[in-house]
1. Would you list Leu74, Leu34, Leu39, Leu80 from fewest to most Cβ contacts within 10 Å?
2. Using a 10 Å cut-off on Cβ atoms, rank the peptides 44-57, 16-29 from the highest mean neighbour count down.
3. What does the extension gain come out to for Trp25 and Leu77, with contour length at 0.36 nm per residue minus their alpha carbon separation?
4. Please compute the length gained on full extension between Thr84 and Phe9, using 0.36 nm multiplied by the number of residues separating them and subtracting their Cα-Cα distance.
Amino acid sequence: AIRKKREEFNIRPCVKQIDTVAAEWPASTNYLYLTYNALQHDLEFTESHIMVIGSGVYRIGSSVEFDWCAVGCLRELRRLGKKTIMVNYNPETVSTDY
């Protein structure tokens, strides 16, 4: 219901890049985020991509092995020539670098 209302009112998120060097010099990173507080994207996705959902936060008893599953998935998709997007809300995970 909420997504339908956002679409109805043309409320769409923008893709922004995280500035990892605090604007000290121009830098392009693969760290991206979505925000509704912007008017334009920092980059455009002109090709189709396959989205891989990450494991999220680490927990006692289950952590890196799930993250490495996502990394293995990304590596295999890239080996097959596919473009990928990794979505993970935990910046400490290994998969964030893919």
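FYI, it's all coordinate maths here, none of it is from the lab. Just so it is clear, the model here is predicted, and its values are computed rather than measured. Every residue, glycine among them, receives a Cβ derived from its backbone with ideal geometry; neighbour counts consider all protein chains shown.
1. By the 10 Å Cβ count, ascending, the order reads Leu39, Leu80, Leu34, Leu74.
2. The most tightly packed comes first, giving 44-57, 16-29.
3. Values: separation 52, 0.36 × 52 = 18.72 nm, distance 3.27 nm.
Fully extending the segment from Trp25 to Leu77 adds 15.5 nm.
4. Contour length minus Cα-Cα distance gives 24.0 nm.
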